[in-house]
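To start, the structure itself, in structure tokens.
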Amino acid sequence: MNYNKRTWLNKEGSDSTGSIVANDSIATSNDNKEYEFRFVEISDCRGKVRLHQTTDDTKEDFINKIKLLKNELSLFLEHLENN
């Protein structure tokens, strides 16, 4: 079940730190209870954004968030490539 991957977004040899991290794992709370820990984090030199599964989200809710993000990024990429 565990998945944890970081992909660098800049070309090799760059000093920039842009990356995307995707994580699906089991974490342990301070009171030793295990819980599902899912997030996608996009960062660069000056900031980062983390989209995570909240306690109010089901796994399906989180999957739908990722699908919407993927769709919007695809639309933006298409716009950039065509203009």
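Tabulated values for the structure
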read-out	value
GNM result for the chain, Cα springs below 10 Å: residue of LYS11, LYS65, LYS48 fluctuating most strongly	LYS11
Sorted by Cβ density within 10 Å, fewest first, the residues VAL40, VAL21	VAL21, VAL40
Cleavage-rule hits, GluC sites (Glu not before Pro), segment 1-65, DSSP coil, Cβ neighbours within 10 Å at most 14	GLU12
Residue among ASN32, ASN23, ASN64 with the largest mean-square fluctuation in a Gaussian network model of the chain, springs linking Cα atoms under 10 Å	ASN32
Calculated P(r) of the chain - Cα pairs past 17 Å, %	60
Which of ILE63, ILE26 has the fewest Cβ neighbours within 10 Å, and the rest in rising order	ILE26, ILE63
Cα long-axis angle, helix 59-82 against the chain (0 to 90 degrees, to the nearest 10)	10
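All of the numbers you see were taken from the coordinates with simple rules; none came from a lab. Just so it is clear, the model here is predicted, and its values are computed rather than measured. Ideal geometry is used to build each Cβ from the backbone, glycine not excepted, and the neighbour counts take in all protein chains shown.
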